[in-house]
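The values are calculated or read from the model by the stated rules, or taken from the named source; none is laboratory data. This structure is a prediction, so every number in the text was calculated from the model and none was measured. Counting neighbours? That spans all protein chains shown, and the Cβs are built from the backbone with ideal geometry, glycine included. Surface areas here come from the heavy atoms of the whole protein model, side chains and all, with no ligands, DNA or RNA. Shrake-Rupley method; radii C 1.70, N 1.55, O 1.52, S 1.80 Å.
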Amino acid sequence: VYGLSTTLCSVGCLVRGLAGDVKGLYTGAIILGLGGAQAWSLALGYLSTHTPPNRKSEVVSGFIVQVQLLGLLGKVMFTPLDWSLRGFGGDRSDDADGGDLWRWRIEM
């Protein structure tokens, strides 16, 4: 099951990276969502079953805190990253897609 999840995650990332338009980005996101969302649950299940009972609460709590902090960091860093990329030419209106597609790829 973990192999399927990581394979879908990899294929979704590849489709996103090769996307030529917004539809390609959405297609990649759908594929990624089919597998990537399961990875955290599978990792937590693996940790829970392979951790000695006397340390299980520490390990599971540490894992959950790490996942929450990474999510928070991603949300906090989005706006400065977006401003920086716009400053480097990500706000070009002369392109067919408005110059946003390359910036969206990096942000994803």
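Take the residues of segment 7-38 that are surrounded by 15 or more Cβ atoms within 10 Å (Cβ to Cβ) and of a type in the set (S, T, N, Q): which is modelled with the lowest pLDDT?
Gln38
Please name all residue pairs, on different chains or six or more residues apart, with Cβ atoms under 7 Å, provided the first residue is in segment 56-70 and is not assigned by the TED database to the domain that holds Ser41 and the second residue is open to solvent by 80 Å² or more (accessible area, probe 1.4 Å) and of a type in the set (A, V, I, L, M, F, W, C).
Final answer for the pair search is Val67/Trp40.
Quick one: which residue in Leu73, Leu81, Leu69, Leu4 is assigned to a helix (DSSP H, G or I) and surrounded by 13 or more Cβ atoms within 10 Å (Cβ to Cβ)? Can you show your working first?
Working: Leu73 fails: surrounded by 13 or more Cβ atoms within 10 Å (Cβ to Cβ); Leu69 fails: surrounded by 13 or more Cβ atoms within 10 Å (Cβ to Cβ); Leu4 fails: surrounded by 13 or more Cβ atoms within 10 Å (Cβ to Cβ).
Only one candidate qualifies: Leu81.
Would you tally the residues in segment 42-61 being open to solvent by 80 Å² or more (accessible area, probe 1.4 Å) and at pLDDT below 90?
Total meeting the criteria: 1.
Taking only segment 21-52 into account, find how many residues are assigned to a loop (DSSP other than H, G, I, E, B) and either touching a strand residue (DSSP E or B) at 6+ places or on another chain (Cβ under 6 Å) or touching a residue at least 60 places away in the same chain (Cβ under 8 Å) (or both).
1
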